Amino acid sequence: MKAAFIALEKRSLQYGAVFTGLLVALCCGLHLGWTSPYLPVLLSEDSPIPMTADESSWVGTVYLLGGVCGSVLLSVFGRLIGRKSILLWSSVPFCTSWIIIAFATTLPELLIGRYIAGVCEGLCFASLPIYFSEISDKEIRGMISSTASITLFVGVMVINLVGSYTTIQTSSLVLLSVPLLHLLTFIWMPESPNYLLMKGKIKEARRSFVALKGTEDADRNLDMIARAIEEENVNQTNFTCLLRRNNRRKLVTLFGLRLAQQFSGITAFSIYAQILFKEGDASIPPVLGVMIFYGIQLIFSILSSLLVDKLGRRPLLMASSIGAVVTLLVEGAFFFVRDFIRADTSHVSLLPTVVLFVFIVSYSLGLQTMPNFMASELFPTNLKAYASTVATVLLYAFGAISTELFQFTKDNYGLFVPFWSFAIVCSVGSVIVAIFLPETKNRTLEDIQTELNQQTSGPTSGSDQARQAGAAATIEG
């Protein structure tokens, strides 16, 4: 107990930076889940902004498209202005988006507010894992990295609760306080020492490192970071380095992770949550069903974050993927029998709701959190911003495609089609992950890089190996 208290005290600023940084993840979750309580309102007869069903699908999709643009911007601004600055000043456009949404009276105005929020999430959700990985000790890296995804869905849960009892304008003005609080608290947190060294600010980097991790071995670790950055500068790293032979396997792994995650249908389920529970024919009110859905998601995501550094990434991801695929197949079978065969399903009307709850248990154990931070473990420091950009573009692109697929197939063919389609594509992604993803539990980033380089089809050049080893040492510092 005493040792745990000492460790907590030693890492107090790390946890403080994480806690205040997570307010931006909360902002992202509030906007991501916004459509769940408010799409039914917008499609109702007394809608404040009248729209058709086809137009309403863009309210969710434009947010995801904004996320793609934001994540691409990270490759430009990630090395230019720093991790902290991106996270800190995102509060301004987040505030702007809430104000626009609060006073929107037409569909284009609403879409502009949603698009601005999406761009912010794309920038922040790609930057947050990099910042967390560079300020946290390796013993808690997995847990800390998982908190962003957990907080995201806390935000989704909050907006479903608030949105069920307040108007669009009221909730928008109330939730404006979240980015304001982030701006007022995160401004006091340190910049990543890695980024400061990359900019040649040696004294500031040392102060940041000592404040975050103490004076023990500070000079030695900072020297390792400086050497790695010098090696990166010599080799003039750019985006095309991701396509080198020793990085292709990692890119395929990222592709498989995002494919399995997003084509489990989770983004579509989040956007259409209340509508989905109405379709289930159960006696559970849609609002209650959504709150239980997100409550389960939160509990098992926290459990996953506590287990990830003990059981490992691969076992949790494989169990999560298999569970998601099985439940998607069962859910699709129910709607096939009900809507296509038109059999009487009244005696099992609770089945789709129960299966949906089992699905979210399976999903939360691995697919929710781990694909969001694996880029920061699989790639060396000099490629993290670029790799995170790719991972986040895939997140929003696949999320947008799966959401449109859900809406189109549900409306034109029946609910069983999107569920079975998701099961097939999620299976493909899971196979890719099973083949290519290494286990990174209790392993230094340098060891991870070494194993991945050995698995490539040909030998890696000496300069590549030196650069990747140096980059791995950067984070260990």
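Scattering from the chain was approximated by placing one identical point on each alpha carbon and applying the Debye formula without solvent; log10 I(q)/I(0) at 0.09, 0.10, 0.11 1/Å stands at -0.59, -0.72, -0.87. Step by step: find N for region 358-400, compute 2.2 N^0.38 Å, then divide the Cα radius of gyration by it. What's the final number? The value comes to 1.32.
Its residue count N sets the reference 2.2 N^0.38 Å, and the alpha-carbon radius of gyration of region 1-110 equals 1.45 times that reference.
Axis of helix 218-235 versus longest Cα principal axis of the chain: the two differ by about 80°, to the nearest ten degrees. Compare the Cα positions of Leu110, Leu123, Val210 along the charge dipole of the chain (+1 at Cβ of Lys, Arg; -1 at Cβ of Asp, Glu; about the Cα centre) and return the one farthest towards the positive end. Result: Val210, furthest along the dipole toward the positive end. At q = 0.17, 0.36 Å⁻¹ the log10 of I(q)/I(0) for region 161-200 amounts to -0.61, -1.05, computed by Debye summation with a single uniform scatterer per C-alpha, solvent ignored. With a simple spin-label model that places each label point 7 Å from the Cα along the Cα-to-Cβ direction, the separation between Phe77 and Leu243 comes to 2.7 nm. How much of the accessible area of the chain, in percent, comes from carbon and sulfur atoms when a 1.4 Å probe is used? C and S atoms contribute 67 percent here. Within a straight-line Cα-Cα reach of under 25 Å, Lys384 can be paired with the following lysines, leaving aside sequence neighbours fewer than 8 residues apart in one chain: Lys84, Lys138, Lys199, Lys201, Lys203, Lys213, Lys250, Lys310, Lys441.
Listed values for region 34-41 are Karplus-derived 3J(HN,Hα) couplings in whole Hz (6.51 cos²θ - 1.76 cosθ + 1.60, θ = phi - 60°), namely 4, 5, 4, x, 9, 4, x, 5, and x replaces Gly and Pro.
As a ratio to 2.2 N^0.38 Å, the alpha-carbon radius of gyration for region 326-427 is 1.35.
Accessible area per residue for region 290-427, computed on protein heavy atoms with a 1.4 Å probe, is 34 Å².
Take the Cα of Cys69, step 7 Å toward its Cβ, do the same at Val354, and the gap between the two points is 4.6 nm.
The simple spin-label model puts a point 7 Å past each Cα toward its Cβ; for Asp217 and His347 those points are separated by 6.5 nm.
In this view, the solvent-accessible surface of Arg249, computed with a 1.4 Å probe and all protein chains in place, comes to about 60 Å².
Once the chain from Thr166 to Ile284 is taken as fully extended at 0.36 nm per residue, the excess over their C-alpha distance is 40.4 nm. Per q in 0.20, 0.27 1/Å, what log10 I(q)/I(0) does a Debye calculation on the alpha-carbon atoms of region 91-147 return? Log10 I(q)/I(0), no solvent term: -0.71, -0.95.
Per-residue Karplus couplings for region 98-111, computed as 6.51 cos²θ - 1.76 cosθ + 1.60 with θ equal to phi - 60°, are listed in order as 5, 5, 4, 5, 4, 10, 5, 10, 10, 4, x, 5, 5, 5 Hz, Gly and Pro entered as x.
The values are calculated or read from the model by the stated rules, or taken from the named source; none is laboratory data. Treat the numbers as computed from the prediction; the structure is a model and nothing was measured. For neighbour counting, all protein chains shown are included, and Cβ atoms are generated from backbone atoms with ideal geometry for every residue, glycine included. Keep in mind that these areas ignore ligands, DNA and RNA; they rest on the heavy atoms of the full protein, side chains included. Shrake-Rupley method; radii C 1.70, N 1.55, O 1.52, S 1.80 Å.
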